[in-house]
Amino acid sequence: MTVLPLVFDLIDDPCEEWDLMDKRLDCGWVLRPVAERLGALAQSATRYPHIKPGEEFTGYSWIQEGLMAAASTKPESLAVKDVGSVPMRHRRRH
């Protein structure tokens, strides 16, 4: 069984009632970007394996190591600056 993506024309069919892959065959161009995204998803699943049901997720060690390294060194660009010298027009408004 081949599973094709659902493709809708949101201008003419805003309720998404008619799948264009079933009704018209002029949207085959969609298959290439979908295949690229599915390939990227498969590569991601290989690099970051899915958690098995019931398994405890302890995190990815390389992310934890990177966070620990980043926490130990504080780049000057992230240091808190004196905002008193910043003109009012450049300050962010909340």
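The values are calculated or read from the model by the stated rules, or taken from the named source; none is laboratory data. Keep in mind that what you see is a predicted model, and the values were worked out from it rather than measured. Note: ideal-geometry Cβ built from the backbone for every residue, glycine included; neighbour counts use all protein chains shown.
The table below gives the values:
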| read-out | value |
| --- | --- |
| Unmet requirement for residue 51, which otherwise passes all of (1) part of a loop (DSSP other than H, G, I, E, B); (2) at pLDDT 80 or above; (3) closer than 30 Å to residue 9 by Cα | (3) |
| Residues that are exposed (fewer than 12 other Cβ atoms within 10 Å of the Cβ), at pLDDT 85 or above and not in a helix (DSSP H, G or I), drawn from region 7-34 | 10, 11, 12, 14, 15, 16, 17 |
